[in-house]
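Below is one structure, written out as structure tokens, with a few remarks after it.
The values are calculated or read from the model by the stated rules, or taken from the named source; none is laboratory data. Not measured: the values here are computed from a predicted model. In this analysis, Cβ positions are derived from the backbone assuming ideal geometry, glycine residues included, and neighbour counts consider all displayed protein chains. In case anyone asks, the SASA skips ligands and DNA or RNA and just uses the protein heavy atoms, side chains included. Shrake-Rupley method; radii C 1.70, N 1.55, O 1.52, S 1.80 Å.
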Amino acid sequence: MKKTITKFVGAAATVAAIMAMAGCTAKNSSAKGNTATGDKVKIGLNMELSGAAAGYGEQQKQGFQLAVKEINKAGGIKVGDKKMKIQTVIQDNKTTTSGSASVAAQLATKDKVTAVVGPATTNDGTASIPNMTKAYVPTVSPSATDPDYTLQKNGKVQTYVFRACFNNDLQGETAAHFANNTLKAKNVAILQDNSSDYGTGLASAFKKAFKGSVVSKQSFAEGDKDFNALLTNIKSKNIDAIYVPGYYSEVGLIIKQARQAGINVPIIGSDGMADPKLAKIAGDQNASKIYYTTPFSTMSGATNKTAKKFMADFKAAYGQDAPTFSALAYDSVLMIKQAIEDAKSTNSVKVAQALAKIKDMPAVTGTTSVDKNHDPEKPIVVEQMTKGKVVSATAVK
């Protein structure tokens, strides 16, 4: 009986060991990620091409495609001793978290991409992370701005998650420093987009860093058209400026209605305003004393050769000036290209490791390095708009 038990335990231990080894082998096998074969490397786009954020998604798609076109025209990405062309796999997540998660799984496991650009929004991007991480494939978001986007719940960095944009904290703090030091504002009103983490996060960061008094704080939602009640309340306050963290579609109307109501103080905002459509919605005659933080200035071409070429090529390709979201998507592709070249490999695990080590990479939105939280380190500027035209871009510390 004792021998039987001993044999049974020994056999069980052997089986367990084999299973453990099999599990380990499977884990190590999956940990290899995706590696391109042949003369092409697949890069996916998980993007909001329909639904509420489609306007921004389409702009990012344009920047993505332009970058790929120019890289391929130049021969492709240098991988060791050969060059490989980029093959794109573009999918619409429909501005839904379920769609984003599904697209992530398809791109990473079925299409076997080496890396992914997108999604655009923090919510959709966050929904894609589990499937990207499970497949060991890196993703670079052009515009997911929530500070915690690249971090796990325990505070550690997400190994396969990167972004090309600034986070909300940095933008809000920069706007506050500008209000404090350049505008010398003492009293401000805040109008925040309460329908997204983008608006609320920026407002919170601004309020913490602003040295004066916030005499009024009100909110609006995406899709709102009439802001007169909010502006009437603000007009009765003794304000030196208004901080409006939101997107051009609503902020353009706020600017127009504020000026029509006789409110002529400076209006400060964020990169969601950095689009030529802002002035069209507000009206050129109303769009003066307008300031916003942005990683990309239309005046960058004077000092940045990469930006100058990008703006000329974008205008030639699409017949319009390049918006910030297109610039950020373009740079997202450049980051992946740089990582593949640095890694000398198309293996997705090695590419993720190289993304984390990017240092002083020439980019449209400024020379870029990646920090320990997988956030970009690069210049941030405040653009000034007068009569619907950008007249200056000031670097803010």
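Take Val137 and tell me if it is among the hydrophobic types (A, V, I, L, M, F, W, C), closer than 17 Å to Asn34 by Cβ and not assigned by TED's automatic domain parsing to the domain that holds Asp240. Step through it out loud before you land on a result.
Details: among the hydrophobic types (A, V, I, L, M, F, W, C): yes; closer than 17 Å to Asn34 by Cβ: yes; not assigned by TED's automatic domain parsing to the domain that holds Asp240: yes.
Yes.
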Identify, from the list Lys112, Lys78, the residue that is in contact with a helix residue (DSSP H, G or I) (Cβ under 6 Å, 6 or more places away or on another chain), touching a residue at least 60 places away in the same chain (Cβ under 8 Å) and basic (Lys, Arg). Lys78
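Looking at Gly262, Gly252, Gly223, Gly246 in this structure, which one is open to solvent by less than 60 Å² (accessible area, probe 1.4 Å) and more than 23 Å from the chain's Cα centre (by Cα)?
Numbers: Gly252 fails: more than 23 Å from the chain's Cα centre (by Cα); Gly223 fails: more than 23 Å from the chain's Cα centre (by Cα); Gly246 fails: more than 23 Å from the chain's Cα centre (by Cα).
Step by step, each of Gly262, Gly252, Gly223, Gly246 is checked, and only Gly262 is open to solvent by less than 60 Å² (accessible area, probe 1.4 Å) and more than 23 Å from the chain's Cα centre (by Cα).
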Pairs, please: C-beta under 7 Å, at least 6 apart or cross-chain, first residue within 15 Å of Pro142 (Cβ to Cβ) and in the stretch 355-371, second aromatic (Phe, Trp, Tyr) and open to solvent by 10 Å² or more (accessible area, probe 1.4 Å)? Val364/Tyr330
Determine if the stretch 355-378 includes at least one residue that is open to solvent by 50 Å² or more (accessible area, probe 1.4 Å) and hydroxyl-bearing (Ser, Thr, Tyr). yes
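Of all residues in the stretch 261-274, how many are out of contact with any Gly (no Cβ under 9 Å at 6 or more places or on another chain) and either polar (S, T, N, Q) or under 22 Å from Ala221 (Cβ atoms) (or both)? Let's see the steps before the verdict.
The first filter runs over the stretch 261-274 and keeps only residues out of contact with any Gly (no Cβ under 9 Å at 6 or more places or on another chain), leaving 261-268, 271, 274.
Checking which are either polar (S, T, N, Q) or under 22 Å from Ala221 (Cβ atoms) (or both) leaves us with 261, 263-264, 267-268, 271, 274.
So the count comes out to 7.
Return yes when Val215 is over 29 Å from Ala339 (Cβ atoms) and open to solvent by 10 Å² or more (accessible area, probe 1.4 Å) and no when it is not.
Values: over 29 Å from Ala339 (Cβ atoms): yes; open to solvent by 10 Å² or more (accessible area, probe 1.4 Å): yes.
So Val215 passes the test.
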Would you please list the contacts, defined by Cβ atoms under 8 Å and residues six or more apart or on different chains, that run from a residue in the stretch 33-55 that is farther than 19 Å from Tyr136 by Cα to a residue that is modelled with pLDDT of 95 or more and among the aromatic types (Phe, Trp, Tyr)? Met47/Phe64
Give the stretch 104-127 a look and list any residue that's among the β-branched types (Val, Ile, Thr), modelled with pLDDT of 95 or more and not in a helix (DSSP H, G or I), or say none. Val113, Thr114, Val116, Val117
Unique match (being part of a helix (DSSP H, G or I), over 27 Å from Ala203 (Cβ atoms) and modelled with pLDDT of 95 or more) among Lys357, Lys350: Lys350
Hand me the list of helices (runs of 4 or more DSSP H) wholly inside the stretch 157-261 holding 1 or more residues that are aromatic (Phe, Trp, Tyr). 168-181, 197-209, 248-260
Can you find a residue in the stretch 273-293 that is under 24 Å from Val251 (Cα atoms), without any contact (Cβ under 8 Å) to a residue 60 or more places away in the chain and among the hydrophobic types (A, V, I, L, M, F, W, C)? yes
For the stretch 145-169, enumerate the residues that are at pLDDT 95 or above and either outside the structural domain of Gln106 (by TED's automatic domain parsing) or open to solvent by less than 10 Å² (accessible area, probe 1.4 Å) (or both). Tyr149, Thr150, Val161, Phe162, Arg163, Ala164, Cys165
In the stretch 55-79, what residues are under 19 Å from Ala164 (Cα atoms) and open to solvent by less than 30 Å² (accessible area, probe 1.4 Å)? Gly57, Gln59, Gln60, Gly63, Phe64, Leu66, Ala67, Val68, Ile71
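Of all the residues that make up the stretch 179-198, how many are open to solvent by 10 Å² or more (accessible area, probe 1.4 Å) and either more than 25 Å from Phe227 (Cβ to Cβ) or over 22 Å from the mean Cα position of the chain (by Cα) (or both)?
7
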Report, by residue number, each residue of the stretch 332-351 that is touching a Phe, Trp or Tyr at 6+ places or on another chain (Cβ under 7 Å), under 15 Å from Lys112 (Cα atoms) and of a type outside the set (S, T, N, Q). Val349
Taking Ile268, is it open to solvent by less than 40 Å² (accessible area, probe 1.4 Å) and assigned to a strand (DSSP E or B)? yes
Can you tell me which residues in the stretch 227-243 are open to solvent by less than 70 Å² (accessible area, probe 1.4 Å) and aliphatic (A, V, I, L, M)? Leu230, Leu231, Ile234, Ile239, Ala241, Ile242
